[in-house]
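Structure first, then comments.
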Amino acid sequence: MDDTSLVSLNVDKYMEYLLYDPTIDEMCIDCKLLPICMGGCPRRRIERVTERCRDYKYVLEEYLKDIAKELLEKKQERV
């Protein structure tokens, strides 16, 4: 592979990264977290890794409840 084809390959990957639309990704299209993660890690997406979802996807609701509880407690301490 010469330098020109290597540059072309990198440009192709870069354009795939920039133009990625997670709303048409079969793994993401019905996910309620799509607006938050936007399809996950770009490198994993481009390399077609099937395990793209982060752990927070499965514990996000509990995590948000804990944060809300903490914020309410801090607010009550100030009153």
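The values are calculated or read from the model by the stated rules, or taken from the named source; none is laboratory data. Everything numeric here is computed off the predicted structure, so don't read it as measured data. Note that each Cβ is placed from the backbone with ideal geometry, even for glycine, and that neighbours are counted across all protein chains shown. These accessible areas exclude ligands, DNA and RNA; they are computed on the full protein's heavy atoms, side chains included. Shrake-Rupley method; radii C 1.70, N 1.55, O 1.52, S 1.80 Å.
Listing for the model above:
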quantity	calculated
Per-peptide average of other Cβ atoms within 10 Å, ordering 44-53, 70-79 highest first	44-53, 70-79
222 nm mean residue ellipticity, helices alone, for the chain (DSSP H n ≥ 4; -39,500 (n - 2.57); rounded to 500)	-19500 deg cm²/dmol
Carbon plus sulfur fraction of accessible area for the chain, probe 1.4 Å, in percent	57 percent
Tilt relative to the chain, helix 3-19 - C-alpha long axis, 0 to 90 degrees, to 10	30 degrees
Overall Cα dimensions of the chain, principal axis frame, Å, largest first	68, 27, 18
Residue of Met27, Met38, Met15 that the Gaussian network model of the chain assigns the largest fluctuation, springs spanning Cα pairs under 10 Å	Met15
Dipole axis of segment 7-79 (+1 Lys, Arg; -1 Asp, Glu on Cβ), positive-most option in Thr23, Gly40, Ala68	Ala68
Degrees separating the helix 56-78 axis from the principal Cα axis of the chain, which is the longest one	40 degrees
Assigned charges on the beta-carbon of Lys, Arg, Asp, Glu; segment 32-76 dipole about Cα centre (debye)	260 debye
